[in-house]
1. Starting from the Cα of Ile14, step 7 Å along the direction of its Cβ; do the same at Arg72; then give the gap between the two resulting points in nm.
2. Show me the ranking of peptides 63-74, 159-170, 125-136, 37-48 by mean Cβ neighbours inside 10 Å, starting with the highest.
3. Long-range amide H contacts for Asn54: which residues qualify at under 5 Å (H placed 1.01 Å from N, peptide plane, sequence gap of 5 or more or a different chain)?
4. First check a/c for the stretch 1-57, with a ≥ b ≥ c the square roots of the eigenvalues of its C-alpha gyration tensor; if it is under 1.5, answer rounded, and if not, answer prolate when a/b is larger than b/c or oblate otherwise.
5. Between His135 and Met168, take the C-beta separation as r, use R0 = 22 Å, and let me know the FRET efficiency to the nearest 0.05.
6. What ³J(HN,Hα) values, in whole Hz, does the Karplus curve 6.51 cos²θ - 1.76 cosθ + 1.60 give for the stretch 132-137 when θ = phi - 60°, with x put for Gly and Pro?
Amino acid sequence: MARQRSQAEYAAMIERVREVDSDRFFEFIEASGLDPAVDLAGGDFRNSDMGHSNLAGWDLSQCELDGCNFRRSQLFERERGDSMLGFGAFGGGAIKLMHYEQAILGRVLYDRNREPTRPALITPIANPSSASNWHEYCLYWHKRERRSNDHRLPTGAIFQDAPIAPEMIVVSPGRFIIGTGPAELGALARAGGPELQSILDHHVR
């Protein structure tokens, strides 16, 4: 759990960050003095460059990561002396993982004035799978206990339940036509085909 800091401490952190001559995200975190294992969860880090960084042990749960770059970063780390054979680990070394449960990887943007048959607008999507040790990370990954039962992803949020799980989108309650657009319904009806609809009375994620 992140510790409470005084206004003076935050002011000093901001000054240290302003002096960083880099666009590398991890350098800003190091300069700030924040502990990435406890202080970053729930933050807004959209479009940050996290590439070529050691992120093992970082907790990015419930963060906004739209468009973040993870290329060639390290998401997994094990202590020296730990060895890997086949699909198991031996040696008892501590394992550090980056966690991003309930994080927003991207968003589907809703525009009520947009022609419904046109493709949806989507923000850039974070690419954690481009990390240099992604396969090892997936092998050792384990789900952490949820931080809060009342945390809700917004409608349109793109997320994953696990690194190897598919990307999914939060859908709001409503009535949806599945498989065809309004312009095609007439032809579908004339052909005797069914009009498929889905009705949701609660958020789906």
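1. Using points 7 Å along Cα→Cβ, the separation is 3.4 nm.
2. Numbers: 63-74: 21.3, 159-170: 14.1, 125-136: 18.3, 37-48: 16.7.
Put in order of decreasing packing, that is 63-74, 125-136, 37-48, 159-170.
3. Gln74
4. Note, shape of the stretch 1-57 comes out oblate.
5. 0.50
6. Per residue, the Karplus-derived 3J(HN,Hα) values read 5, 10, 4, 5, 5, 4 Hz.
A short reminder: the numbers here are calculations on the coordinates, not readings from a lab. All values derive from a computational prediction rather than experimental measurement. Positions of Cβ are backbone-derived with ideal geometry, glycine not excepted, and every protein chain shown enters the neighbour counts.
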